[in-house]
Amino acid sequence: MMALREAFASFRRAPLLSALGVITIAFSLFAFGLFGLVAVNIRDALQSIEDRVEIRAFIADGTPVEASSAAMGDIHAFPEVLSVTYVSQDDALVRARKELGEFSDVFEPGVLPASLDVKLKPGYRDPTTVMAVANRIKSYDFVDDVRYGEDWVAKLYRLRTIATLVGTGLGLAFAAVAVIIIGATIRIMVMARAEEIAIMRLVGATNGFIRMPFVLEGFIQGVMGGLLALGLTWATSTAISHSFMRTAFFDPTLATLGVVGGALIGLFGSTFAVGRQLRRL
Amino acid sequence: MSLVRFLNVAKEYQRGGVALSHASFQLHKGEFAYLTGPSGSGKSTILKLIYMEERPTAGDVWVSGISTREASKKEVSMIRRHLGIVFQDFRLLEDRTAEANIAFALEVTGTPTDMIRPRVARVLTQVGLASKGTSYPRELSGGEQQRIAIARALVNDPYVLIADEPTGNLDERATRGIFQLLRDINTAGTAVIMATHNLELIRRTEYRTIELNHGRVVFDSVETPPAEKPIEAIAPDQHDETPI
């Protein structure tokens with residue numbers, strides 16, 4: 001109880017120093033949050049492209065509907081397959097005209113073949129799996145040809161791998177910088193109160209008792225800094241959405257993780273800093 | 001009853017050399033003792049060994065019957081609750097009132113909240129500053145600040161009050177006041193051990209004097225007749241009565 005009261009009292013006694021701690025945590029996490037925002041949007045963009053990965057199996061003219069329907073059931077039972085759609089010659093013409101816009105009159109009815117459009121489940125959209133499923137579909141007698149955009153599937157997969165690696169590396173670097181800056185700030189704040197710690201020891205306070213208000217203060221500052229960083233990141237995201245392009249924001253789980261991360265940095269940073277100070281005295 | 005016991009104590013610092021050697025003495029319940037000697041003679045080292053800021057390199061120090069050589073961190077904290085410590089530079093928290101500075105010593109030792117206010121009021125009265133409880137240290141004179149520091153040291157009802165040059169930063173009048181206060185505290189039953197350069201204080205009283213030189217106890221009035229006191233041997237330039 002006394003620890004909690006002291007933790008809040010220190011905000012009142014040294015408002016500038018406390019504000020410095022909160023702002024440092026907030027801006028360090030804000031920089032990390034901006035990076036996270038870019039990473040989330042790149043991930044979403046790649047995801048939306050990846051969702052479009054599909055295998056198109058063109059059906060030979062004159063194939064009985066029963067044969068293609070039976071094949072649809074087979075293909076749908078493949079563990080990698082999410083959905084199979086039959087596109088008739090007429091549907092293919094409508095789709096082609098819609099996609100080509102002003103050049104829609106280049107196709108005559110009956111020119112385009114019917115097809116089975118196969119979508120794969122997430123996690124099965126890498127080049128190797130796509131090619132394996134495509135080859136299995138190609139083995140049906142009535143299938144003339146199979147297309148799945150080999151080149152761009154491979155490129156997309158490579159891009160996703162690079163984005164994941166770069167994102168993880170940069171993320172760790174940003175997080176490390178944030179932890180170092182926040183840790184240094186907390187250490188300065190604890191050092192500024194070295195005399196108070198020394199007096200507490202001289203009058204017989206145990207180390208655990210001395211630590212508690214500082215640890216709580218670090219935790220509170222971490223939560224406040226995390227919330228401030230979240231607010232700043234949200235404001236930035238909203239401003240970009242209004243001015244340039246629509247951007248995705250963190251989902252509630254990620255946002256909560258950000259604040260919890262700030263709280264944990266504050267908690268462990270202050271625990272470490274007080275421990276150092278107690279060893280020095 | 002022996003509250004503090006030094007037996008052949010030596011203290012050596014890695015960089016500072018020998019601060020104390022073969023020091024042996026005892027401080028009994030209700031006793032008043034001066035520690036005197038030139039700067040660097042080991043006065044503060046003895047006090048630090050009592051309140052366990054330092055541990056002996058050789059020999060042993062017992063405080064309230066516990067060997068400080070073997071005391072755990074928890075035991076050190078518990079022993080310190082029964083020691084009152086006063087410094088030359090007061091060591092008050094500038095951002096808290098006099099009352100809050102005193103209450104701090106009770107709060108951090110887990111005293112129930114409802115007991116804090118009456119105990120703070122009692123010690124403030126005892127040091128003659130009942131009306132200054134809401135003042136901040138910067139609003140008080142040096143002598144008043146030292147009285148608050150003494151009140152903080154007293155509030156846990158210590159067995160021993162340890163004072164390291166408590167009048168070193170005070171003018172003559174404030175020094176007399178603080179000295180009288182320490183005498184009153186001693187009369188009430190608390191043992192006092194006080195490091196000082198102030199020979200006038202020592203001459204005016206018949207309290208026990210332990211004199212140190214180069215880290216050795218060269219004189220202890222308990223063991224030596226008053227006629228042989230070598231206090232006069234200390235050079236006048238070793239006095240430290242710089243007013244603040």
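The values are calculated or read from the model by the stated rules, or taken from the named source; none is laboratory data. What you are looking at is a predicted structure, and each value in this text was computed from that prediction instead of being measured. Virtual Cβ from ideal backbone geometry, glycine too; neighbours counted across all protein chains shown. Surface areas here come from the heavy atoms of the whole protein model, side chains and all, with no ligands, DNA or RNA. Shrake-Rupley method; radii C 1.70, N 1.55, O 1.52, S 1.80 Å.
The figures follow:
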| quantity | calculated |
| --- | --- |
| Label point at A:ILE162 placed 7 Å out along Cα→Cβ; residues across the range A:119-154 whose backbone nitrogen lies under 17 Å | A:127, A:151-154 |
| Linear extension gain, A:ASP90 paired with A:ASP61, 0.36 nm per residue minus alpha-carbon span | 9.1 nm |
| Residue mean of other protein chain beta carbons inside 10 Å, B:101-114 | 4 |
| Principal axes of the protein assembly as shown: Cα extent on each, largest first, Å | 133, 47, 41 |
| Computed E for B:SER64/B:VAL218 - FRET, C-beta separation, R0 30 angstrom, nearest 0.05 | 0.65 |
| For chain A: Kirkwood Rh in Å [reciprocal of mean 1/r, alpha carbons] | 23.6 |
| Kirkwood estimate for chain B, i.e. one over the average of 1/r between Cα atoms, Å | 18.4 |
| Chains A and B, summed buried accessible surface - 1.4 Å probe, Å², nearest 100 | 1700 |
| Highest average packing first - B:102-108, A:81-87, Cβ atoms within 10 Å | B:102-108, A:81-87 |
| Extension reserve of the A:GLU150-A:GLU108 stretch, reckoned as 0.36 nm per residue once the Cα distance is removed | 12.3 nm |
| Per principal axis, descending, Cα span of the range A:56-147 in whole Å | 39, 28, 17 |
| Relative contact order computed over chain A (Cα-Cα under 8 Å; 6+ residues apart), in percent | 30 |
| Helix B:172-187 vs. chain B, principal-axis angle (Cα, 0 to 90°, nearest 10) | 90 |
| FRET efficiency, A:MET131 to A:ARG97 (Cβ-Cβ, R0 25 Å, nearest 0.05) | 0.25 |
| Largest-first ordering by accessible area, 1.4 Å probe, given options B:GLU99, B:GLU144, A:GLU99, B:GLU139 | A:GLU99, B:GLU139, B:GLU99, B:GLU144 |
| Where labels lie 7 Å past Cα in the beta-carbon direction, separation of A:MET191 and B:THR205 in nm | 4.1 |
| Partner chain coverage, peptide A:190-203 - average Cβ within 10 angstrom | 5 |
| Percent RCO, i.e. relative contact order, over chain B, from Cα pairs under 8 Å lying at least 6 residues apart | 27 |
| FRET efficiency estimate (nearest 0.05) - Cβ-Cβ, A:LEU257 to A:MET2, R0 25 angstrom | 0.20 |
| Accessible-area ranking of A:PHE8, B:PHE87, A:PHE249, largest first, probe 1.4 Å | A:PHE8, A:PHE249, B:PHE87 |
| Accessible-area value, A:TRP152, 1.4 Å probe, nucleic acids and ligands omitted, Å² | 110 |
| B:HIS28, A:HIS242, ranked by accessible area, largest first (probe 1.4 Å) | A:HIS242, B:HIS28 |
| A:PHE35 - accessible surface, heavy atoms, 1.4 Å probe, Å² rounded to 10 | 40 |
| Within 10 Å of each Cβ in A:7-18, the average number of Cβ atoms from other chains | 1 |
| Accessible area per residue, Å², chain A with all protein chains present, probe 1.4 Å | 55 |
| Mean Cβ neighbour count within 10 Å, used as a protection proxy, ranking A:141-151, B:161-171 highest first | B:161-171, A:141-151 |
| C-alpha long axis of helix A:2-13 to longest principal axis of chain A, angle in ° | 90 |
| Whole-number percent relative contact order across the range B:34-144, with pairs defined as alpha carbons under 8 Å at least 6 apart | 19 |
| Proximal lysines to A:LYS119, defined as alpha-carbon separation beneath 19 angstrom and excluding residues fewer than eight positions away on the same chain | A:LYS138, A:LYS155 |
| Residues in the range B:88-104 reached by a label modelled at B:SER131 [backbone nitrogen below 18 Å; 7 Å Cα→Cβ] | B:98-99 |
| Per residue convex hull volume, Cα atoms of the range B:89-157, in Å³ | 77 |
| Rounded to 10°, Cα long-axis angle of helix A:207-243 versus longest principal axis of chain A | 40 |
